[in-house]
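One structure is given here, and the rest of the page talks about it.
The values are calculated or read from the model by the stated rules, or taken from the named source; none is laboratory data. Since the model is a prediction, treat every value here as computed from it, not as a measurement. All Cβ positions, even for glycine, are placed from backbone atoms using ideal geometry, and neighbour counts span all protein chains on display.
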2 protein chains.
Amino acid sequence: MKILAGSVTCPQGFLAQGVYAGIKKDDKNDLAIIYSEYPCHAAGVFTTNVVRAACVDFDCRQLQDGKARAIVVNSGNANACTGEQGWEDAMTMAALTAECLGLQPQDVLVASTGVIGVNMPMDKVQSGIIAAANTLSEAGDANAALAIMTTDLINKEIAVEIEIGGQAVRIGAMAKGSGMIHPNMATMLGFITTDAAISSKCLQIMLNAAVNKSFNMISVDGDTSTNDMVLILANGRAGNHIIDDPDSKDALAFYQALENIAVGLAKMIARDGEGANHLIEVQVNNAADEKTARMIARSITSSSLTKAAVFGLDANWGRILAAAGYSGASFDPGRVDIYLGAEMVARDGMGLVFDEEQARRELEKETVVITVDLKAGEYSATAWGCDLSYEYVRINAAYRS
Amino acid sequence: MKILAGSVTCPQGFLAQGVYAGIKKDDKNDLAIIYSEYPCHAAGVFTTNVVRAACVDFDCRQLQDGKARAIVVNSGNANACTGEQGWEDAMTMAALTAECLGLQPQDVLVASTGVIGVNMPMDKVQSGIIAAANTLSEAGDANAALAIMTTDLINKEIAVEIEIGGQAVRIGAMAKGSGMIHPNMATMLGFITTDAAISSKCLQIMLNAAVNKSFNMISVDGDTSTNDMVLILANGRAGNHIIDDPDSKDALAFYQALENIAVGLAKMIARDGEGANHLIEVQVNNAADEKTARMIARSITSSSLTKAAVFGLDANWGRILAAAGYSGASFDPGRVDIYLGAEMVARDGMGLVFDEEQARRELEKETVVITVDLKAGEYSATAWGCDLSYEYVRINAAYRS
């Protein structure tokens, strides 16, 4: 697998652009379009929150035919809790984008992120759509990646190339997310493009699986948003024999690249958790089943006490074990070993005399690796999170204002 | 119902004392004994964490006969994740206390709170038990309430008197808890005494119900501890006809007082959340069933984003609705009304033009009341939490050190 620079315009036949439409109060990019020059198979995964933004419902309907060619996305306003007007605004965004690009409205997917409960400033959105559509280019992906950010500190872009049946196939992606990230994808948007030829049914199966291993395994603060979605467009320009059997060798090769892309973005999001200083990677090994491993890994990355302890460089393994304990999974705490990096800090559920200096050095690392060995089976899972800092509170105390 | 000063020694026949045994690093009280001069019926409710401190397992065994006469409790060390040694230390604490008080070891319940994974300093514990047992008194309750505190800023004591069958019956209680408080009682200890005559079966039923309405409805940060418990001792000295039927009029009168005690303590704990400036009371009304009301109320009090918004005096009702949405309960977001105090801020799931100044004044109050009206049925629930501040992070970044 070759890592490439760039993101959604790396695969053949994709263009993008991001502009400042005036939806955000500051003068940062806030509207983007991702466009395929050719028809695409498409799939999406959406928030599990009962409260769903208009664009979420809209896209679910749009994807019923498994096809799409463009994505219009804005930051600064979530178009959530906006009732009938919100639904109309989402439809208008799709219609305007289609008109500018010479597409049918049913070819356009819509995404929004930002403040909840405020109607979209549609005049600004309209100008933004026109400006972005008129300047689409292969080099526009960087502007687009900036336009989907809210409290993100860094733009999140990734692309890879693999070979499928002798053809070079590319997958590119961008994402936003830094607060409210939780198992089950909270306030995160992910847009993936590929020039692979793949059926929409196969695409949906693989996107579900990849999201499960990546975006659903990150946590910043336990809040799940109204707007989360991951969308994928596949335009088939790579010329590989179409992937239609999810169990085929080609499908596996594609899936591995897709999971890689998704995990890469998920880690960027977790690391960029509001106010975070560390990426926390929790590896749960030797569980009796996969569900147990996942529940425990996610519970530890979600524990405010564990996150605050990492912020404070405090090797407080008791909080790690306690978070495993209330995960809802059943396991024998008397068999659990815990490691901070390479340093074993608990054995069989009890404390060890360990090297405090070494443990502190592990906690000082950019990526803090916590390993929990359940010694009960052969399943494992990995989850990612970040530490909890003063800065998180500051950012979230006055977001709306 | 008459509110009395004092706590666990208000009911007839109870003595208490708290001392400094040297378990904590500072010189604050860290060991307490609560003692009844007469045999008691007893009941307990314990943590749901899979990882359970030695004292939790120990007390469950002790309570199998529904009887106890004394509680020994220490702060500064949780005696959790301490394996076989932890179990022996809990047994030794009970045996030492029994010896000092002329009781049998099976009459003594043990509770601990503090750091996880460190063996108990049993020499200090022993001296503390002797010192406390030798100075038990009716006036010792205040010292005892101080001895169970960890990061608590204030001691939590409460007592009431009611009349049952013409007899004055008293219930007194103390609690600790300020961090890790979550639905299902995290790092909280509650000790309740009463001179009511009541069977242990009835006592257990009523304690379960009262805990469900109180301690299980508070949340500080979503972490559930290894050591939580609420214990109740009833010595029958009030002379009322013994309460044995949980559906009787006497039982109802007793239950109402008990719930009042439990809710009072729960609110004190939520208000004393680490670093908190506000008590947040979330009232969910007109739900289709009680479970829905409870899930939504607890989800909102647990939302980091809602908590940070209250800290920042930001009337961000979208976060409240989003937290309801990911609670796991099913409801129609398009029917939800939200109030901050008396100010309606959302109607039918959408924002209103509301008085921002008035909303801010509601958020400045010591107790911030959030009301969510689901307009779907006739069930309601109340949960309590606190805001999330810089101070929470500071306290938890370096607790162990």
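For residues that are among the β-branched types (Val, Ile, Thr), modelled with pLDDT of 90 or more and in contact with a helix residue (DSSP H, G or I) (Cβ under 9 Å, 6 or more places away or on another chain), tally how many sit in the stretch A:353-401.
Let us first name the residues in the stretch A:353-401 that are among the β-branched types (Val, Ile, Thr), namely A:353, A:367-372, A:382, A:393, A:395.
After this cut, where a residue has to be modelled with pLDDT of 90 or more as well, the list is A:367-372, A:382.
If we keep only those that are in contact with a helix residue (DSSP H, G or I) (Cβ under 9 Å, 6 or more places away or on another chain) too, we end up with A:367-370, A:372, A:382.
Number of matching residues: 6.
The condition (being surrounded by fewer than 24 Cβ atoms within 10 Å (Cβ to Cβ), modelled with pLDDT of 95 or more, touching a Gly at 6+ places or on another chain (Cβ under 6 Å) and more than 24 Å from A:Met350 (Cβ to Cβ)) is satisfied by just one residue among B:Ala131, B:Ala98, B:Ala175, B:Ala197: B:Ala197.
With respect to the stated conditions, A:Leu340 fails to be touching a strand residue (DSSP E or B) at 6+ places or on another chain (Cβ under 9 Å), surrounded by 21 or more Cβ atoms within 10 Å (Cβ to Cβ), at pLDDT 90 or above and facing chain B (nearest Cβ under 8 Å). Within the stretch A:79-118, the set of residues being assigned to a loop (DSSP other than H, G, I, E, B) and more than 14 Å from chain B (Cβ to nearest Cβ) comprises A:Gly102, A:Leu103, A:Gln104.
Of all the numbered requirements in (1) in a helix (DSSP H, G or I); (2) within 14 Å of another protein chain (Cβ to nearest Cβ); (3) without any contact (Cβ under 8 Å) to a residue 40 or more places away in the chain; (4) surrounded by fewer than 24 Cβ atoms within 10 Å (Cβ to Cβ), A:Lys291 misses one, and that requirement is (2).
Give me a count of the residues in the stretch B:274-319 that are of a type in the set (Asp, Glu), under 23 Å from the mean Cα position of the chain (by Cα) and farther than 20 Å from B:Arg335 by Cβ. First the steps, then the outcome.
Residues of the stretch B:274-319 of a type in the set (Asp, Glu): B:274, B:281, B:289-290, B:314.
Right, trim to under 23 Å from the mean Cα position of the chain (by Cα) and you get B:274, B:281, B:290.
Okay, now just the ones that are also farther than 20 Å from B:Arg335 by Cβ, so B:274, B:281.
The qualifying residues number 2.
Here's the yes/no breakdown for (1) buried (at least 24 other Cβ atoms within 10 Å of the Cβ); (2) over 25 Å from B:Asp107 (Cβ atoms):
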{"residue": "B:Met229", "(1), (2)": "yes, no"}
{"residue": "B:Ile232", "(1), (2)": "yes, no"}
{"residue": "B:Arg237", "(1), (2)": "no, no"}
{"residue": "B:Ile242", "(1), (2)": "no, no"}
{"residue": "B:Asp247", "(1), (2)": "no, yes"}
{"residue": "B:Ala251", "(1), (2)": "no, yes"}
{"residue": "B:Ala262", "(1), (2)": "yes, no"}
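Among residues of the stretch A:75-98 that are in contact (Cβ under 8 Å) with a residue 40 or more places away in the chain, those with a beta-carbon under 9 Å from a residue that is of a type in the set (Lys, Arg) at least six positions away or on a different chain give the pairs A:Ser75/A:Lys24; A:Ser75/A:Lys28; A:Ser75/A:Lys176; A:Gly76/A:Lys24; A:Gly76/A:Lys25; A:Gly76/A:Lys28; A:Asn77/A:Lys24; A:Ala80/A:Arg52. Within the option set B:Asp348, B:Asp373, being surrounded by fewer than 24 Cβ atoms within 10 Å (Cβ to Cβ), within 12 Å of another protein chain (Cβ to nearest Cβ) and among the acidic types (Asp, Glu) holds for one residue only, B:Asp348. For the condition among the basic types (Lys, Arg) and surrounded by 17 or more Cβ atoms within 10 Å (Cβ to Cβ), B:Arg319 qualifies. From (1) closer than 15 Å to B:Val372 by Cβ; (2) surrounded by fewer than 22 Cβ atoms within 10 Å (Cβ to Cβ); (3) within 14 Å of another protein chain (Cβ to nearest Cβ), pick out the condition that doesn't hold for B:Arg298. Result: B:Arg298 passes all but (2).
When B:Val45, B:Val56, B:Val72 are checked against the criterion of being touching a residue at least 12 places away in the same chain (Cβ under 8 Å), of a type in the set (Val, Ile, Thr), in a helix (DSSP H, G or I) and in the same structural domain as B:Leu109 (by TED's automatic domain parsing), B:Val56 stands alone in meeting it. Surrounded by fewer than 16 Cβ atoms within 10 Å (Cβ to Cβ), at pLDDT 90 or above and either closer than 18 Å to A:Val118 by Cβ or at the interface with another protein chain (Cβ under 8 Å from one of its Cβ atoms) (or both), is that true of B:Gly334? It is true that B:Gly334 is surrounded by fewer than 16 Cβ atoms within 10 Å (Cβ to Cβ), at pLDDT 90 or above and either closer than 18 Å to A:Val118 by Cβ or at the interface with another protein chain (Cβ under 8 Å from one of its Cβ atoms) (or both). Residues in the stretch A:331-360 that are without any contact (Cβ under 8 Å) to a residue 12 or more places away in the chain and of a type in the set (D, E, K, R): A:Arg347, A:Glu357. Taking into account only those residues within the stretch A:311-320 that are in contact (Cβ under 8 Å) with a residue 40 or more places away in the chain and within 21 Å of A:Gly349 (Cβ to Cβ), which is nearest to the other protein chains (Cβ to nearest Cβ)? Looking at the filtered set, the residue picked out is A:Asp314.
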